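The values are calculated or read from the model by the stated rules, or taken from the named source; none is laboratory data. Note that the structure is predicted; figures quoted are calculated from it, not measured. Neighbour counts are summed over all protein chains in view; Cβ atoms, including those assigned to glycine, are modelled from backbone coordinates with ideal geometry.
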Amino acid sequence: MRRFLYVMLLVFSGLHAQTSAPVTKATAPTEPVSPEAVMLERIFTEALARGTAYENLRTLTSRHPGRLAGSKALEGAITWSQKQLSAIGIDRVFTQEVMVPHWERGSHESVRLLPAVGPAINLAALALGNSIGTPPAGITAEVIEVKSLAEAEALGRDKISGKIVFYNRRMDPALVLPGRAYGAAGDQRSRGPITAAKLGAVGALTRSLTHALNNIPHTGATTYLSDGPNIPACALSTVAADRLSAALASDPKIRIELKSHAAWYPDAVSHNVIGEIRGSEFPDQIMVVGGHLDSWDIAPGAHDDGSGVVQALEVLRIFKTLGLKPRHTLRAVLFTNEENGLRGATAYADITRKAGEKHILALESDNGGFQPRGFELASSQFDAIARAARWTKFFEPYGLPLLVTGRGGADVAPLYLLGATTGEILPDSQRYFDIHHTTADNLEQVNPRELHLGAGALASLIWLIDTQGL
């Protein structure tokens, strides 16, 4: 028996040795790695392994939340960003003075539903940016619900005069890209109040622009006429909007008490903040990467647009750290007053035009710091997407295959009219409008990896355009 066991052990050992021996296969020769692939790997490695964007965002949102034009918070963010740019060790850091609008919401607004029987019911609301306030005692009036500006106009002055108009059209859930749904529903907020005012309304309410069903109201800018008539306007949370709609279905004569303390003040001094690495071959040709420093007064502004600010800073840091000397001058432009005036973007374009500067590229990050999916690009002189398509293979390993024709965000749009190729990074936007323009737009909503991937993506595209042209 012992001999039998010994023989079996030898046999088993031999079989095991045979099955565990390495198998050698003929392999096809690998293609040489391109210089572009090598460089993008260096850029993304720097962004992911040693990126500073998230920690910069932590500082910006914790020290300077609520960076609305005219505020002390925005002034502090301007000083902070100058120091951050200087610390990178770039060639030049400077500012451009801009006069910006100064609107404040004042103390907390109040929207209360007044049922015929029982106590008043508070509805979660925020005054719309640029809205005027109510008289100190507030406004109490019946409410009329509409789904569109056209419906309000069709009802006419006879049915709307003296009432509060309630715009309650939802963002279309069937549209895959939330930004399109946001744009399609946005006229309620931007032009709803002035439409209601022309029809004799005493106030306006609008459903928050979000797919989310919760009790967090979303602010945002509305437009007013300089010579009136103008009325106070607030956004309701989606839960509050549904509650008001249900109450109106039960009692069309139900009233709302609206109190808002918003007010306008004289224009204030602000600044665009700019840092640049001078071009080694074409210093008079400028490439811009940017975001906007301001945020709504109630928002920490992490995704909108602290993420864009710190990604722009990170692009310059990556170039400097890796010793990449751009052929064209590379600028990070941190715009002021995007949210309620676009004065920073307008001023930058005006100064550029008067100085005779030539901008060949302007990229923006103002869609949040989520997982990047690709880029939007456009030029008035050629098909930018067709020319950029040759680089798609280099971005695919990083999950960035998407190229879409488009001019980019509001801050770079004026540079398109001056001949620059403009565009923006396109993150996954499915969650963006859940927190857009709210108190929930804080650091905890930002994933560090996704934020740093976006910075790497921007730096990579800029390097490719700088070295190979479009």
Of the residues in the range 171-196, those that are surrounded by fewer than 19 Cβ atoms within 10 Å (Cβ to Cβ), under 12 Å from Ala235 (Cα atoms) and over 21 Å from the mean Cα position of the chain (by Cα) number 0
Taking the conditions exactly as written (of a type in the set (Ser, Thr, Tyr) and either out of contact with any strand residue (DSSP E or B) (no Cβ under 9 Å at 6 or more places or on another chain) or over 17 Å from Asn337 (Cβ atoms) (or both)), does Thr52 satisfy them or not?
yes
Might you check whether a residue that is surrounded by 23 or more Cβ atoms within 10 Å (Cβ to Cβ), under 20 Å from Val100 (Cβ atoms) and not aliphatic (A, V, I, L, M) occurs anywhere in the range 238-245?
no
Determine which single condition Glu450 fails, assuming it passes every other condition in (1) within 16 Å of the chain's Cα centre (by Cα); (2) assigned to a loop (DSSP other than H, G, I, E, B); (3) under 21 Å from Leu363 (Cα atoms).
(2)
Number of positions in the range 103-133 that are surrounded by fewer than 24 Cβ atoms within 10 Å (Cβ to Cβ) and among the small types (Gly, Ala, Ser):
8
Would you check if Ile139 is assigned by TED's automatic domain parsing to the domain that holds Leu236, of a type in the set (A, V, I, L, M) and touching a Phe, Trp or Tyr at 6+ places or on another chain (Cβ under 7 Å)?
no
Gly356 meets each of (1) under 21 Å from Arg92 (Cα atoms); (2) in contact (Cβ under 8 Å) with a residue 24 or more places away in the chain with one exception, condition (2)
Residue count for the range 402-429, restricted to those that are closer than 28 Å to Asn447 by Cα and in contact with a strand residue (DSSP E or B) (Cβ under 6 Å, 6 or more places away or on another chain)
17
All but one of (1) assigned by TED's automatic domain parsing to the domain that holds Leu244; (2) among the hydrophobic types (A, V, I, L, M, F, W, C); (3) at pLDDT below 95 hold for Leu114; state the number of the condition that does not hold.
(3)
Flag if Arg157 is touching a Leu at 6+ places or on another chain (Cβ under 6 Å), more than 30 Å from Leu334 (Cα to Cα) and of a type in the set (Lys, Arg)
yes
Being among the aliphatic types (A, V, I, L, M) and in contact with a helix residue (DSSP H, G or I) (Cβ under 6 Å, 6 or more places away or on another chain) is the filter here; which residues of the range 201-224 pass it?
Ala201, Ala204, Leu209, Ala212, Leu213
Going residue by residue through the range 183-190, is there one that turns out to be modelled with pLDDT of 95 or more, under 17 Å from Lys163 (Cα atoms) and not assigned by TED's automatic domain parsing to the domain that holds Asp434?
yes
Please count how many residues of the range 259-294 are hydroxyl-bearing (Ser, Thr, Tyr) and out of contact with any strand residue (DSSP E or B) (no Cβ under 7 Å at 6 or more places or on another chain).
1
Do we find that Thr438 is outside any strand (DSSP E or B), in the same structural domain as Val333 (by TED's automatic domain parsing) and crowded, with 19+ Cβ neighbours inside 10 Å in this structure?
yes
In the list Ser295, Ser270, Ser250, which residue meets the criterion of being assigned by TED's automatic domain parsing to the domain that holds Ile160 and of a type in the set (Ser, Thr, Tyr)?
Ser250
